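Mind having a look at this structure? Questions to follow.
FYI, it's all coordinate maths here, none of it is from the lab. Every value quoted in this text rests on a predicted model; they were computed, and no experiment measured them. Neighbour counts run over all protein chains shown; Cβ positions are idealised from the backbone, glycine included.
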Amino acid sequence: MQSNDQRATMLQLVDRFRAKIKASGASNTPASDLKKEEVEQLIIQLILDRVLKEEFQHTAYATNAYVTLGPLWKQALQGKKAVKLEITIGQRGNKGGSPKGANKRSRTSGLETKLDELRIELSSSHGGIFPHAVLSMQQINMLGHQKPTSIEELEKLIGKVKAEKYGNRIIEIIQPYVKLENPDVMEQDLRKASENGGNKRLKKKDKNLVYVESSEDE
C-alpha cells in the first residue's frame with residue numbers, strides 16, 4: 001500500500017494483515033491471536049487516528065468504500081505517532097471459552113461493521129452522498145460503545161438531523177446487540193413499552209365501554 005499508493009477494502013486489508021502475520025512466523029505474538037473483528041477494530045482506530053483514511057468510489061450501481069494511507073502514516077511508521085487500542089484477548093487454551101470481556105469486544109466490533117455497511121447503503125439510497133456524511137467513523141465508534149436504543153439518546157451522539165433521518169434504521173441494528181449483552185434489561189424495556197401501549201389503547205376505549213353489574217343470586 002505504501003509503495004504503490006494502493007487502496008483496499010476493509011475485508012481485503014484484514015485478510016492481508018492476518019496473512020502477513022502468518023507469513024512472518026510470529027505465531028507467539030499478541031497480534032497472531034487477533035480475530036477478524038478485532039483486526040477490523042484496529043483498522044478503524046487507525047482511521048480515527050488519521051494513520052489511514054477512507055476513500056469512496058461511486059458507480060452507477062453502488063458506493064464502494066476503500067482504505068488507504070492517511071496524512072499521519074509516516075509519523076506512525078517512524079514511531080513518532082502512537083496508536084493505542086485496548087482489546088481483550090481471550091486465552092485460546094481455555095476450554096471454558098472466551099472471557100465475557102472478549103465476547104463483548106467482539107460484539108462491539110461486529111456492530112461497528114454493521115453500521116459501516118448501513119452508512120454505505122444509506123449513502124447510495126440518498127442520492128449518492130458520501131458515506132461519512134451519513135455517519136463518520138468516530139460516530140460509528142461511539143455508537144458501537146454506547147449502543148443507544150432511543151432517538152433521544154441517538155441525538156446526543158450524532159445530532160438531531162441525522163437521528164431523525166436515519167435513527168430508526170440505526171436503532172434496528174443496535175437493538176439485537178443490546179439484547180445479547182443485557183437480555184433481562186431489554187426484556188423489561190420491551191414489556192414496559194408493550195404495557196404502556198396497551199394502557200393507552202384501553203384508555204381510548206373506556207369512553208365507549210358500558211359496564212353491566214350482575215350477581216349470582218339473580
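What value does the range 110-184 have for Rg/Rh, both radii from Cα atoms and Rh as Kirkwood defines it? Don't skip to the end; give the middle numbers.
Details: Rg = 11.7 Å, Rh = 12.3 Å.
With Rg and the Kirkwood Rh in hand, the quotient comes to 0.95.
What length, rounded to one decimal in nm, is gained on full extension from Gln57 through to Asp15, with 0.36 nm per residue of separation minus their alpha-carbon distance?
So the extension gain works out to 13.0 nm.
What is the distance, in nm, between label points placed 7 Å from the Cα along the Cα-to-Cβ direction at Gln78 and at Ala8?
Each label point lies 7 Å from its Cα, and together they span 2.5 nm.
All other residues with a Cβ under 15 Å from the Cβ of Leu122 taken together, and with Lys, Arg as +1 and Asp, Glu as -1, what is their net charge?
Residues close to Leu122 contribute a combined charge of 0.
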